[in-house]
Amino acid sequence: MMEYLKQCILKDGKLKPGNVIKVDSFLNHQLDTDLFVKMGEEFKRRFADKNINKILTIEASGIGLAIIAATFFGNVPVVFAKKTKSSNIADDVYTADVYSYTHQVMNHIVVSKEFLNQDDHILIIDDFLANGEAVMGLLELCKQANASVEGVGIAIEKGFQKGGQLIREKGIQLESLAIIESIDDTSITFR
């Protein structure tokens, strides 16, 4: 696991009720580009033996990290699932429903079939893993496209929630750069 990321979490993370940790000063509102480069490099190290030709994420917070990671995989394309289908997306799409733990809403995510297919070897990248809803939705899109999922890379995993276990039980290589074992009102414990 990455000590630098853990230090950022301890220094700048803000604890909120409901086991929420706010890391918007460096991960998902304001972005610490030095940290992102270190994380992208670490994902490349951890998935070095995989034949990744595309990175898949979900809008919006995973996009920055996915783009930086893609540079370490030879500037492979990044595809992100949109949470709403806009008029500039064709009707030929893969879809999945994803419940957002943070926003407490159901999102209907879409990816154009033009950008995901059976020739793709996918690395899924996201900022957080809690209950696994976003990753499960992305896995569903890959299944619909007959794409091969080579692994899942997560910046911060809440190890006390079920998402990591669900993904690992599927036999998918899951690499989380920081795993939080527990959160209370005043402290964070890492695995």
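Every read-out reported here was derived from the displayed coordinates using simple, explicitly stated rules and does not represent laboratory data. Since the structure is predicted, the reported quantities are computational estimates derived from the model, not experimental observations. Please note: Cβ atoms are built from the backbone with ideal geometry, for glycine as well, and neighbour counts cover all protein chains shown.
Any idea which of 123, 15, 111 is furthest toward the positive side of the dipole for the chain, if Lys and Arg beta-carbons carry +1 and Asp and Glu beta-carbons -1? Of the options given, the answer is 15. Computed over neighbours whose Cβ is under 9 Å from that of residue 154, the net charge equals -4, Lys and Arg +1, Asp and Glu -1. Note on the range 3-183: with charges restricted to the Cβ of Lys and Arg (+1) and Asp and Glu (-1), its dipole about the Cα centre is near 320 debye. Cβ crowding within 10 Å ranks 187, 61 as 187, 61, fewest other Cβ atoms first. In order along the range 54-69, the phi-based Karplus estimate (6.51 cos²θ - 1.76 cosθ + 1.60, θ = phi - 60°) of 3J(HN,Hα) comes to 6, 10, 10, 9, 10, 5, 10, 5, x, 5, x, 5, 4, 5, 5, 4 Hz; Gly and Pro are listed as x. Computed from Cα positions, the angle between helix 133-145 and the longest principal axis of the chain comes to roughly 20 degrees. Which value in deg cm²/dmol, rounded to the nearest 500, describes the helix-derived mean residue ellipticity at 222 nm for the chain, given -39,500 (n - 2.57) per DSSP H run of n ≥ 4 and division by the residue count? My calculation for the chain gives -8500 deg cm²/dmol from helical runs alone.
Taking the fewest neighbouring Cβ atoms within 10 Å as the starting point, the ordered list for 138, 10, 116 is 10, 116, 138. As a size descriptor, the averaged projected area of the C-alpha convex hull of the chain was calculated at 10.2 nm². Just checking the listed ones, 178, 147, 70: in the Gaussian network model of the chain with Cα springs under 10 Å, the one fluctuating most is 147. Suppose we keep just the DSSP beta bridges with both residues in the chain; what percent of those would be antiparallel, to 5? Close to 40 percent. With the alpha-carbon atoms of the range 124-186 aligned to their principal axes, the span from lowest to highest coordinate is 44, 19, 17 Å, starting with the largest.
The angle between the Cα long axis of helix 33-46 and the main principal axis of the chain comes to about 70°, on a 0 to 90 degree scale. When each of 97, 185, 126 is scored by the number of other beta-carbon atoms lying within 10 Å, the sequence from fewest to most is 185, 97, 126.
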